[in-house]
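Every number in this text was worked out from the coordinates using simple rules, so none of it is lab data. Keep in mind that what you see is a predicted model, and the values were worked out from it rather than measured. So basically every Cβ, Gly included, is an ideal-geometry build from the backbone, and we count neighbours across all protein chains shown.
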Amino acid sequence: MFRFALLITVFLGFAAPLSAQTQSDADGIQSTITAQMEAFKADDFAQAFSYAAPNIKGMFGTADRFGMMVRNGYPMVHRPADVRYLELRELGGRPCQMILVDDEQ
């Protein structure tokens, strides 16, 4: 089994600094991540792309190219066996949700 720790800010962007985050904000961040992961598992790359940060959208341009990047470069994100939420920390003044992803193997 392969484990992959991922800084979610790679795919998602959050605007408020961590010091301004409330528990409901943290819950919202996790809900967004869960929704994006469910979209990946369903091969609904248009929906997954809708959660991407503006810089990620600009980098890939289309949901199809974004989906291809995830399928080919992050298979454990495309088809995770397990996703666990770790700490929510501040990185560069922005919230960064750490998760642990186990692949299917």
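Descriptive notes on the structure:
- Between Gln47 and Glu87, the simple spin-label model (points 7 angstrom out along Cα→Cβ) gives 3.3 nm.
- Net charge contributed by nearby residues that have their C-beta within less than 10 Å of Phe40 (K/R +1, D/E -1): 0
- Net charge in the neighbourhood of Pro75 (other residues with Cβ under 11 Å of its Cβ; Lys, Arg +1, Asp, Glu -1) is 0.
- Once Rg and the Kirkwood radius are both taken over the C-alpha atoms of the stretch 27-82, their ratio Rg/Rh works out to 0.95.
- Taken along the Cα-to-beta-carbon direction at a fixed 7 Å, the label points for Asn55 and Gln30 span 2.6 nm.
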